[in-house]
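The values are calculated or read from the model by the stated rules, or taken from the named source; none is laboratory data. Worth saying up front: this structure is predicted, and the values here are computed from it rather than measured. So basically every Cβ, Gly included, is an ideal-geometry build from the backbone, and we count neighbours across all protein chains shown.
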Amino acid sequence: MSTLAEMVAMVRNTVYGTRPDLRPKQDRLVNTINDTVTAMEFETPAMWKRDALAEFKANGEVVVLREDHPSATNDVNVFERGDDRGKAAAAQTENDVVLRNPRFLLADIEEKISRAIDGDLWPAVWIRTERTVSGYDPAIETYELNADDVAVEQMYQYDINDDDRFHEFPTQWYDVVGSVADAVPAGATSNRLLRVYQVVDKDHTVYYTAKTKPNSASPTALPEELVEMVVLRASASLLSQAPRERRDRTSGRTRSGEQATDYGLLMAEFTRLRSQYANRLQVELMARKKYRTGLPRGVVWQS
């Protein structure tokens, strides 16, 4: 599992590893500042000219210089803090890294990561999550699903009569439906409901395996395989916005089409990994069903 900050670092490594010509130069802040001052000093004044964009790498705040940076030990004036291209104004600490004119701002990287998580994984792949039916009562048929659970792959009970066996439910014993006004549990916030019509033993815990849709609000819930896909997809999106031409460092001639090639390679790898993981999910589910040999009484499971 990876945090959003860790995914941002992976994306930066990917795009700048693919396009080193786009890597921004770095400097450092000389003194700690609060979130309102409009004068600050950078370690290397010669790097900074009027209208240069400076992004604080850690938190993504962007400032724009009003003038060329004066000589060392002098502050440079910047425009009003909180530039709408970056993140909100924030206190910055001595020695914080500052990026000069970065092609990919932190706000843009985070947006591409969020879009990849929310829009490019489901329904091809999902997070397989083991849950229990909270407060199961044979007198209650309808239960609220977790907000990100979109389907149930299987439902079962375990170790009934100390038999150390799994008892899988046939699919006609349960289903998932949209919210029905007169059936919504009190306090429900999800728009999907789990209906349980029958169980093997009403006095034992009821478990289910859910298909959980990846959600950018919970990045640490992603398995590492999905993190790798997200990094590839976000990197491809960023590179699709990069300059379409760059010059050969030796001859000075322009080499066109490299940006499209970079994008295509990343997308091809993303698609390959997503398909591979989708196949793995299906294979693993079949293996689990075969392992769980204790079926409900009188029921024969069929593939």
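Just give me the residues in the range 80-94 being within 17 Å of Val37 (Cβ to Cβ) and either acidic (Asp, Glu) or in a loop (DSSP other than H, G, I, E, B) (or both), in sequence order.
Within the range 80-94, Glu80, Arg81, Gly82, Asp83, Gly86, Ala88, Ala89, Ala90, Ala91, Thr93, Glu94 meet the criteria.
What number goes with the only condition from (1) in contact with a Pro (Cβ under 9 Å, 6 or more places away or on another chain); (2) in the same structural domain as Lys112 (by TED's automatic domain parsing) that Ala9 does not pass?
The single condition Ala9 does not satisfy is (1).
Taking Arg23 as meeting all but one of (1) under 16 Å from Arg81 (Cβ atoms); (2) in contact with a Phe, Trp or Tyr (Cβ under 6 Å, 6 or more places away or on another chain), write down the number of the exception.
(1)
Which condition number in (1) among the β-branched types (Val, Ile, Thr); (2) at pLDDT 95 or above; (3) not assigned by TED's automatic domain parsing to the domain that holds Gly17 is the one that Thr220 fails?
Single failed check for Thr220: (3).
If Ala107 satisfies every condition in (1) in contact (Cβ under 8 Å) with a residue 60 or more places away in the chain; (2) part of a helix (DSSP H, G or I); (3) within 19 Å of Pro24 (Cα to Cα) but one, which is the exception?
So the condition that Ala107 fails would be (1).
For the range 125-145: of the residues being surrounded by 15 or more Cβ atoms within 10 Å (Cβ to Cβ) and out of contact with any helix residue (DSSP H, G or I) (no Cβ under 9 Å at 6 or more places or on another chain), which is nearest to Gln276 (Cα to Cα)?
The initial filter retains those residues of the range 125-145 that are surrounded by 15 or more Cβ atoms within 10 Å (Cβ to Cβ), namely 125-129, 131, 133, 136, 142-145.
Those still in the list that are out of contact with any helix residue (DSSP H, G or I) (no Cβ under 9 Å at 6 or more places or on another chain) too: 131, 133, 136, 143-145.
Working: Arg131: 25, Val133: 31, Tyr136: 36, Tyr143: 33, Glu144: 32, Leu145: 28 Å.
Per the criteria, the residue is Arg131.
Which one is farthest from the chain's Cα centre (by Cα) among residues in the range 78-87 that are over 13 Å from Leu105 (Cβ atoms) and surrounded by 14 or more Cβ atoms within 10 Å (Cβ to Cβ)?
Top of the filtered list is Val78.
Give just the number: which of (1) at pLDDT 95 or above; (2) surrounded by fewer than 17 Cβ atoms within 10 Å (Cβ to Cβ) does Phe56 not satisfy?
(2)
Please determine, by comparing only the residues of the range 106-124 that are more than 16 Å from Ser218 (Cα to Cα) and surrounded by 15 or more Cβ atoms within 10 Å (Cβ to Cβ), which one is nearest to the chain's Cα centre (by Cα).
Out of the qualifying residues, it is Ile109.
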